[in-house]
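Visitor: Before anything else, here's the structure in question.
The values are calculated or read from the model by the stated rules, or taken from the named source; none is laboratory data. Fair warning: this is a prediction, and the values are worked out from it, not measured in the lab. Quick reminder, even Gly has a Cβ in these numbers, built from the backbone with ideal geometry, and neighbours come from all protein chains shown. Accessible surface is based on the protein model in full, side chains and every heavy atom, while ligands, DNA and RNA are left aside. Shrake-Rupley method; radii C 1.70, N 1.55, O 1.52, S 1.80 Å.
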Amino acid sequence: MTMVALFAKAPRVGRVKTRLAADIGPVAATALYRRIGRQVAGAVASVCPVTVWYDPAGAEREMRVWLGDHSYRLQGGRDLGGRLRAAFDAHFAAGDAPVVAIGTDCPAVDAAVIGEAEERLRSADVVIGPSADGGYYLLGMNEPHPCLFVDVPWSTPDVLGITAKRCREHDLSVEVLRTLRDLDTVEDLEALGLGPT
């Protein structure tokens, strides 16, 4: 069965959605983050087991109150690539496969998106869900491919292109899902049509 690795930060005011907070205020931005995180976690948990990879250390109880009854593991690694690789490695070492990693930033990620990724992984080495900002909202694999996490300029518009290039360089077959929008800025908020929390 597919395992979902859900990456999330503790929903603390001033520590999440800082770009959005610059326009709508940190309290409102945190409330939106909490709302979308609950929505995504609940939706994907209806079809697959979820392990929440959280940050910072000491936040597990806070995360459980927010997201509910899942497995919880502390994120490890110096950057996003290191954290992703550590999570994938831990899941594969435990016998989980395939593994799909997502975050709590994309409100359109639901059971159908996970189901499509699971279906595509039956014939592909890697599945990528591209986000409108040049990154990705989902990455799925059947086995470890550490090349996808090294020397990537995280949080830039180049992430998706470099990831796709790495797949080509290592002869990995790739399936690409539809492009979705993360919630990072007030422009995203307006485009997503998200109302008051």
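Visitor: Taking segment 31-67, which residues are of a type outside the set (A, V, I, L, M), open to solvent by less than 40 Å² (accessible area, probe 1.4 Å) and either farther than 12 Å from LEU183 by Cβ or modelled with pLDDT under 95 (or both)? Can you show your working first?
Guide: Going residue by residue through segment 31-67, those that are of a type outside the set (A, V, I, L, M) are 33-35, 37-39, 42, 46, 48-49, 51, 53-56, 58, 60-62, 64, 66.
Narrowing further to those that are open to solvent by less than 40 Å² (accessible area, probe 1.4 Å): 33, 37, 48, 51, 53-54, 66.
Within segment 31-67, CYS48, THR51, TRP53, TYR54, TRP66 meet the criteria.
Visitor: Have a look at GLY14, GLY82 and point out the one that is in contact with a Pro (Cβ under 7 Å, 6 or more places away or on another chain), surrounded by fewer than 19 Cβ atoms within 10 Å (Cβ to Cβ) and of a type in the set (Gly, Ala, Ser). Before you say what the answer is, go through the steps one by one.
Guide: Working: GLY82 fails: in contact with a Pro (Cβ under 7 Å, 6 or more places away or on another chain).
None of the others qualify; the one that does is GLY14.
Visitor: Now a separate question. Given the conditions (1) touching a residue at least 60 places away in the same chain (Cβ under 8 Å); (2) buried (at least 20 other Cβ atoms within 10 Å of the Cβ); (3) within 13 Å of the chain's Cα centre (by Cα), and given that HIS91 satisfies all but one, which numbered condition is not satisfied?
Guide: Tallying (1) touching a residue at least 60 places away in the same chain (Cβ under 8 Å); (2) buried (at least 20 other Cβ atoms within 10 Å of the Cβ); (3) within 13 Å of the chain's Cα centre (by Cα), HIS91 fails exactly one: (3).
Visitor: Output the number of residues of segment 94-145 satisfying the condition of being modelled with pLDDT of 95 or more, in contact with an Asp or Glu (Cβ under 7 Å, 6 or more places away or on another chain), under 17 Å from ALA41 (Cα atoms) and open to solvent by 10 Å² or more (accessible area, probe 1.4 Å).
Guide: 1
Visitor: Still on this structure, I have one more. Looking only at segment 156-184, which residues are open to solvent by 30 Å² or more (accessible area, probe 1.4 Å), closer than 21 Å to VAL40 by Cα and part of a loop (DSSP other than H, G, I, E, B)?
Guide: Those that are open to solvent by 30 Å² or more (accessible area, probe 1.4 Å), closer than 21 Å to VAL40 by Cα and part of a loop (DSSP other than H, G, I, E, B): ARG178, THR179, ARG181.
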